[in-house]
1. Within region 1-25, track down each residue that is open to solvent by less than 80 Å² (accessible area, probe 1.4 Å) and assigned to a strand (DSSP E or B).
2. Hey, can you tell me all the residues within region 78-106 that are of a type in the set (Ser, Thr, Tyr) and either at pLDDT 95 or above or outside any strand (DSSP E or B) (or both)?
3. May I ask you to list the residues in region 95-109 that are closer than 14 Å to Phe139 by Cα and open to solvent by 40 Å² or more (accessible area, probe 1.4 Å)?
4. Within region 115-164, track down each residue that is among the polar types (S, T, N, Q) and either at pLDDT below 90 or surrounded by 17 or more Cβ atoms within 10 Å (Cβ to Cβ) (or both).
5. State all residues of region 86-124 that are under 28 Å from the mean Cα position of the chain (by Cα) and among the hydroxyl-bearing types (Ser, Thr, Tyr); if no residue qualifies, say none.
Amino acid sequence: MKLVSSIKGVRIDREIRDGCHVLIQLMECHTCEEVAKFGPSHQGSAFPEEFIFKKARQIGWLPKKNGRHSCPNCQEVHKVPDEAPREMTIPERRKIFREIDENYDEANSRYVDKATDNTIAVKLGVPRKWVEDIRAENFGPSGVNTEMERVASAIARITAQLTDAINDCMEAAAKAEDLKKEADEARGTLEQIKKSVGPRRVA
């Protein structure tokens, strides 16, 4: 009996595992003869499409709902090369230079405030590579900007306070444990006294 798959480009087959027939699913590359095997399913039924597609992506496949799946090798062969970036114009170079100059601390070789290569590129609408090149050629390393340094200092301060708080909690917990022990001992002593005195008649 031929097993029918509800997933395009994926067929269902059987194979023997430990003397038992189990279901497996085979994803076929639409370009070559490469096949990816999934299974067996121990539930006795085929895996759903979303599960198969997720597993396929994890091993480098590009699954498609229309069944035109691509194995990793075929993806590399048919990969469209990136377009070569256009050449930077002189006005664009000047604009980028001015923006970096306004946001760069030459004394400490770093950006100031929240500025980075990326924020400048986004602001000016230019490729980040252009900003990186002009900054490296004319100013120096991007470094750690002052905002990053401020956040790092805040993290260090909070971490120190957290450590102190944890230590205080541990001391409080130890003190509470000692008080509980004293209270338990006092209760035990009280019970012993009650037993030794015995029941008393109320006058």
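The values are calculated or read from the model by the stated rules, or taken from the named source; none is laboratory data. Not measured: the values here are computed from a predicted model. Cβ: placed from backbone, ideal geometry, glycine included. Neighbour counts: every protein chain shown. Side chains included, ligands, DNA and RNA excluded: accessible areas come from the protein's heavy atoms. Shrake-Rupley method; radii C 1.70, N 1.55, O 1.52, S 1.80 Å.
1. Val10, Ile12, Asp13, Glu15, Cys20, Val22, Leu23, Ile24, Gln25
2. Our first condition is that a residue be of a type in the set (Ser, Thr, Tyr); within region 78-106, this holds for 89, 104.
Within region 78-106, Thr89 is the sole residue that qualifies.
3. Phe97, Arg98, Asp101, Glu102, Glu106, Ala107, Asn108, Ser109
4. The answer is Thr116, Asn118, Thr119, Ser142, Asn145, Thr146, Ser153, Thr159, Gln161, Thr163.
5. Residues satisfying the conditions are Tyr111, Thr116, Thr119.
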